[in-house]
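A quick write-up on the structure given underneath.
The values are calculated or read from the model by the stated rules, or taken from the named source; none is laboratory data. Just so you know, these numbers come straight off a predicted model, no measurement behind them. Cβ coordinates were reconstructed from backbone atoms using ideal geometry, including for glycine residues, and neighbour counts include every protein chain displayed.
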Amino acid sequence: MYQEHREVAAPAVVEQKSLKRRWIEELRSGRYTKVTNGFGHGFNRCAFGVLADIQGKHTIDIDKTGILSSADYQNVVLMNDVLMNTFDEIADYVEEHGRD
């Protein structure tokens, strides 16, 4: 009997993809009001505050999420706090530059 062979992603990879996808969806959801210079609270969050919120945390260790490189992390901070990009624009950046 023939059995189809499928590659199955390791659980950590599946979780990481799910986290990136969830972060992008939440940034685009319209549920959050963007704030600058801090994580914020409630539904008033910076881009990384949204990521922390969906993880149920008060802070994040971006290296542990594996989504962004250090340079891309700094770019998102710049986009959020200095350039005043919208969450949609930040989501586009994460989608393009974030690791799956």
Among the residues of region 84-98, how many are surrounded by fewer than 16 Cβ atoms within 10 Å (Cβ to Cβ) and in contact with an Asp or Glu (Cβ under 9 Å, 6 or more places away or on another chain)?
1
Do you know which of the residues in region 5-38 that are at pLDDT below 50 and not basic (Lys, Arg) is nearest to Ile67 (Cα to Cα)?
Val14
Could you run through region 40-88 and say how many residues are at pLDDT below 95 and more than 25 Å from Asp100 (Cβ to Cβ)?
5
Across region 39-60, what is the number of residues that are buried (at least 22 other Cβ atoms within 10 Å of the Cβ) and either part of a helix (DSSP H, G or I) or touching a residue at least 40 places away in the same chain (Cβ under 8 Å) (or both)?
5
Extreme residue, farthest from the chain's Cα centre (by Cα), among residues of region 61-78 that are among the hydrophobic types (A, V, I, L, M, F, W, C) and buried (at least 19 other Cβ atoms within 10 Å of the Cβ)
Val76
Just for region 61-85: of the residues that are β-branched (Val, Ile, Thr) and outside any loop (DSSP other than H, G, I, E, B), which one is nearest to Ser18 (Cα to Cα)?
Thr65
Asp88 passes all but one of (1) part of a helix (DSSP H, G or I); (2) over 14 Å from Gly30 (Cα atoms); (3) in contact (Cβ under 8 Å) with a residue 24 or more places away in the chain; which number fails?
(2)
